[in-house]
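First comes the structure, then the notes that go with it.
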Amino acid sequence: MSERIRGFRDLTDATHDPRLTIHDGLRIGDRVYRSRLIVGTGKYQTFEIMKEGLRASGAEIVTVAVRRINLDDPTQESLLDHIDRQKYTLLPNTAGCYTAEEAVRIARLGREVGLSNLVKLEVIGDPKTLLPDTMALLSATKILVKEGFVVMPYTNDDPIMAKRLEDAGAVCVMPLAAPIGSGQGILNRVNIEFIKEAVKVPVIVDAGVGTASDAAVAMELGADGVLMNTAIAGAKDPVKMARAMRLAVEAGRLAWEAGRIPKRRYGSASSPNEGKLE
């Protein structure tokens with residue numbers, strides 16, 4: 001039996017097989033996580049709903065916008081007061097940054113206040129579509145990698161840029177499924193497959209997931225993980241949706257590992273006459 005995943009909380013839900021080994025997990029930098037679902041902490045109506053949503057998702061990595069954290073007055077209630085850092089790895093993000101310089105500054109700020117050397121790197125290029133500025137993203141990635149950050153860049157579904165980000169030292173690439181918060185699902189499945197072929201680092205589909213079937217499709221395409229926030233926080237029942245996303249990611253991964261049957265133009269009998277048992 002190969003080495004088992006160590007250092008993570010016990011997950012008592014039946015959907016998590018205790019026989020999972022380290023090879024079944026999601027590797028980010030020097031750590032391996034059992035869950036392949038990463039969730040955000042924004043847009044929830046209350047902190048209590050957020051906490052319940054995190055729990056139901058089974059996620060072990062949660063992303064927080066550095067800009068949303070009250071860093072000036074430690075006596076005031078903060079988002080961080082409601083996240084158990086013994087259970088969850090914090091993934092600070094540079095949401096809201098429109099230049100490489102701004103994104104680098106926010107990443108440094110997050111590390112300086114003790115959040116993490118992990119960073120979900122976002123550099124937005126257009127305020128209407130919220131699509132990434134990939135050239136600025138690449139520039140910021142190179143700077144932060146040199147400074148010892150573990151960089152997880154949010155990018156377009158472009159296999160060429162994905163490869164450049166990998167070459168720059170990113171520990172994964174995070175192509176969008178659709179524009180942030182749009183809920184449109186994966187608009188270009190082929191490009192996700194091309195990205196999987198282009199890079200050796202994990203591919204985590206980020207942005208645009210709307211419901212559980214979108215998450216399952218992403219995993220069935222071979223994605224190593226899925227990151228989402230709005231699809232859960234904006235649902236009528238965020239806790240139930242978090243649970244649904246957890247199951248969808250697990251089911252999609254199992255289906256990808258199992259290997260689907262080829263698509264056929266015509267029917268194929270499930271009980272053919274040839275070779276049937278007497």
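Read the figures in this text as sums done on the coordinates, not as results from a lab. From a predicted model like this one, the values you see are computed outputs, not experimental measurements. In this analysis, Cβ positions are derived from the backbone assuming ideal geometry, glycine residues included, and neighbour counts consider all displayed protein chains.
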Exercise. May I ask you to derive the relative contact order of the chain, considering only C-alpha pairs under 8 Å and at least 6 residues apart, and to give it as an integer percent?
Key: 17
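With an 8 Å Cα cut-off and a minimum separation of 6 or more residues, compute the relative contact order for the range 26-88 in percent. Don't skip to the answer; put the middle values down first.
Details: 54 pairs, mean separation 19.9, N = 63.
Computed value for the range 26-88: 32 percent relative contact order.
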Quiz item: Any idea which of A233, G222, S271 is furthest toward the positive side of the dipole for the chain, if Lys and Arg beta-carbons carry +1 and Asp and Glu beta-carbons -1?
Solution: S271
Exercise. With the convex hull built on the Cα atoms of the chain, state its orientation-averaged projected area in nm².
Key: 18.2
Quiz item: When only Cα pairs under 8 Å and 6 or more residues apart are kept, what is the percent relative contact order across the range 158-278?
Solution: 21
Exercise. Note the angle between two axes, namely the Cα long axis of helix 100-112 and the longest principal axis of the Cα atoms of the chain, as a number of degrees from 0 to 90, rounded to the nearest 10.
Key: 80
Quiz item: Counting DSSP beta bridges in the range 27-96, what percent are antiparallel, to the nearest 5?
Solution: 20
Quiz item: Based on Cα positions only, what radius of gyration and what Dmax would you give for the range 195-259, in angstroms?
Solution: 11.9, 38
